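A short write-up of the structure that comes next.
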Amino acid sequence: MARCRECAGRRLAFASARSAVAYDLAAKAFVSAWKERGLRGLAREASDVVAEVVPRPRTDTITFVPPDPDRSLKRGHHPAETLARALASRWELAADKLLVRPRPSPPQRGLGLADRRRNVRGAFRADRRVPTRVTLVDDVYTSGATAAAAASALRKAGARHVDVITFARAVR
């Protein structure tokens, strides 16, 4: 599989990263309404778009990037988990919470790539052995730092193949 410019030449903990839409102004407004304004029903719409664009993964289970406890409490929901569960249901796959966030991390918004990587280094861990093939779901893929850190934790816990699926992807 060909790699994008951003991923070319880097060792990554995940095998692929697929997104349904570019993180443009329309996608940003959609994600903001979904995440920050609590319009939880948008998760179903996001899963419809993802399922239309991204092929059903060959995987043992679908999991999601765990939320920062403070932000999750403030929002009252977790978009990545809702998206993961909706996709699992649509694709008739198992959905399982495989990762925990043992420590809070500051928001990634506004940070450069190196700071983003430092910010999430060690931020995730699996609380048990995980299946061999895992699909990791998040709402937005910006720099890949969060996906890489979460995939790394899955690999340390036994995954041999991790694919990442997100609703939107920042394109530089």
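FYI, it's all coordinate maths here, none of it is from the lab. Quick caveat, the model's predicted, so the values are computed rather than measured. Cβ coordinates were reconstructed from backbone atoms using ideal geometry, including for glycine residues, and neighbour counts include every protein chain displayed.
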CD proxy, 222 nm, the chain: helix-only mean residue ellipticity via -39,500 (n - 2.57) per DSSP H run with n ≥ 4, per residue, nearest 500, stands at -11000 deg cm²/dmol
If we sort 79-88, 37-46, 116-125 on the protection proxy, mean other Cβ atoms within 10 Å, highest first, what's the order? 79-88, 116-125, 37-46
Within 14 Å, Cβ to Cβ, of residue 99, how many net charges do the neighbouring residues add up to if Lys/Arg are +1 and Asp/Glu are -1? +3
Stretchable slack from residue 114 to residue 49, in nm (0.36 nm times residue separation minus alpha-carbon distance): 20.3 nm
Run the reach check for residue 97 against aspartates and glutamates, Cα to Cα strictly under 15 Å, same-chain hits fewer than 8 apart removed. What comes back? 60, 68, 81, 127, 138
Rank-order 49-56, 152-159, 141-148, 94-101 by packing density, defined as the average count of other C-beta atoms within 10 Å over each peptide's residues, highest first. 141-148, 152-159, 94-101, 49-56
Here the FRET efficiency for residue 89 versus residue 156, based on Cβ atoms and R0 = 22 Å and rounded to 0.05, is 0.20
Cα centroids of region 46-66 and region 106-168: how far apart, whole angstrom? 15 Å
Average Cα contact separation per residue, region 42-157, under 8 Å, 6 or more apart, as relative contact order %: 33 percent
If 28, 35 are placed from fewest to most neighbouring beta carbons inside 10 Å, the sequence is 28, 35
